[in-house]
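Asks: Questions regarding the structure given below will be posed in turn.
The values are calculated or read from the model by the stated rules, or taken from the named source; none is laboratory data. Values in this document were obtained by computation on a predicted structure and should not be read as measured data. We place every Cβ from the backbone using ideal geometry, glycine too, and count neighbours over all the protein chains shown. Heavy atoms of the whole protein, side chains included, go into the accessibility calculation; ligands, DNA and RNA do not. Shrake-Rupley method; radii C 1.70, N 1.55, O 1.52, S 1.80 Å.
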Amino acid sequence: LAAPQLARRLTREPGTGAGTAALTGALILVAGDALARQAFPAELPTGVATAAVGGVYLGWLLSRRWRTGKR
């Protein structure tokens, strides 16, 4: 869910292309996997790390939109 929003902000275009969103999603997944392997001594599923990264970003995005009053 975070990949299209992040891709739109990185490209600064009004719409998000499917290719850009897919590449951003793949990058988020690889970053989550690297984080899960390197940051924790015990084995952590990649989905947990990816959901944490995406969840933090979406929470920040929603709080920012709520503060500015944009819909």
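Asks: Tally up the residues in the stretch 6-34 that are over 14 Å from the mean Cα position of the chain (by Cα), under 19 Å from Val56 (Cβ atoms) and open to solvent by 60 Å² or more (accessible area, probe 1.4 Å), please.
Replies: Adding up the residues that qualify gives 0.
Asks: Does any residue in the stretch 55-70 that is without any contact (Cβ under 8 Å) to a residue 40 or more places away in the chain come within less than 8 Å, Cβ to Cβ, of a residue that is among the basic types (Lys, Arg) six or more places away or on a different chain, and which pairs are these?
Replies: These pairs meet every condition: Arg65/Arg71.
Asks: Here is a follow-up. Here is a check on your reading of the model: is Arg37 among the charged types (D, E, K, R), farther than 19 Å from Leu61 by Cα and surrounded by fewer than 16 Cβ atoms within 10 Å (Cβ to Cβ)?
Replies: yes
Asks: Here is a follow-up. When you check Val48 against the structure, is it surrounded by 14 or more Cβ atoms within 10 Å (Cβ to Cβ) and out of contact with any Lys or Arg (no Cβ under 7 Å at 6 or more places or on another chain), yes or no?
Replies: Criteria not met by Val48.
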